[in-house]
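Below you'll find the structure, written out as C-alpha cells, and then a few comments.
None of the figures in this text is laboratory data; all of them are computed from the coordinates on show. As the structure is a prediction and not an experimental result, all values here were calculated from the model. Quick reminder, even Gly has a Cβ in these numbers, built from the backbone with ideal geometry, and neighbours come from all protein chains shown.
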Amino acid sequence: MILMITTFFHLVFKIMYKNDTLMQITCIERLDDNAVYFDKLTKNIQCGRADEAVRDMVGWNAVSDLDPFEYDQILDHARRLNERIVYDDGVYLLAANNEIIVLYKYIEVGEEDYDSLRRLVSTMTYYEALDHLKGYNVSEEFENEYFDCNFGDITATILKENRYGGCIVSPNIEYWEDDCSEPIRVSFYKGINK
C-alpha cells in the first residue's frame, strides 16, 4: 500500500512539473535542390528509423529564431499542415509530412536564470544573498531559514545552508511568461526532470 501511494505521488509530481515547452531547432522543406537529401530523411522515417533523421538534423547545428512553442501548439500546427509526430523521445520531437520535416527540442524554461542564480549565490553568505536579491517571504525558523526572490524571469526560494552559512537555490522554481497570470512550475531536481 505504501509503495502504491509513493508511486502515485511520484507520478503526480512528475506530471505537475512536466516540461512541455519546445524550441524549433531546424527544418527542411522539399525543394528541387535538396530533394535527394529530403527523400533520404523521409525514407528513414518511413522505415522506422526516425532517430537517424533526428541525428542527421541535429548535426546541422542550425538555430531557429522562433519563440518557444507549447506542445499543444505544435499538435495544432501539425494538424493544420497534415503533419505527423514521427519521433518523440522526450529530448527531441520530429514532425513531418511529404513537403516539410521540422525538428524541435524540449527546453527547460527558466534554466538559464536558474543556473545564473545558483552561480551568484554560491559565493555569498545567506544574509548577503538576502540583501542583494531583496528577498521577501523571509522565514526565520531556527535551522530552517529561507526567503523568496525574483531573478530574471523566475521566482525562486533561497535556502540557508546551516553548516557553512552559505545558501543554495531550491530546485523548484516558477517561471513567469509575459501576458500569463499563472507561472509555469519547473523542477530541476535530478530525480524528476534529468
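Each Lys and Arg Cβ is given +1 and each Asp and Glu Cβ -1; about its Cα centre, segment 111-187 then shows a dipole of about 400 debye. Fewest-first ordering of VAL86, VAL138 by other beta carbons within 10 Å of each residue's beta carbon gives VAL138, VAL86. If one puts a single equal scatterer on every Cα of the chain and applies the Debye formula without solvent, what log₁₀ I(q)/I(0) results at q = 0.14, 0.19 Å⁻¹? For the chain, the Cα-only Debye profile gives -0.90, -1.24. Distant-in-sequence amide contacts of ASN172, defined by a placed amide H-H separation under 5 Å and a gap of 5 or more residues or a different chain, comprise PHE188. A DSSP coil position with no more than 13 other Cβ atoms inside 10 Å describes the following trypsin sites (Lys or Arg not before Pro) in segment 45-148: LYS134. For the chain, what does the helix formula give at 222 nm: sum of -39500 (n - 2.57) over DSSP H segments with n ≥ 4, over the residue count, nearest 500 deg cm²/dmol? For the chain, the value works out to -10000 deg cm²/dmol. Loop exposure criterion: chymotrypsin sites (Phe, Trp or Tyr not before Pro), DSSP state outside H, G, I, E and B, at most 15 other Cβ atoms within 10 Å. Applied to the chain, the longest stretch between such sites is 61-141.
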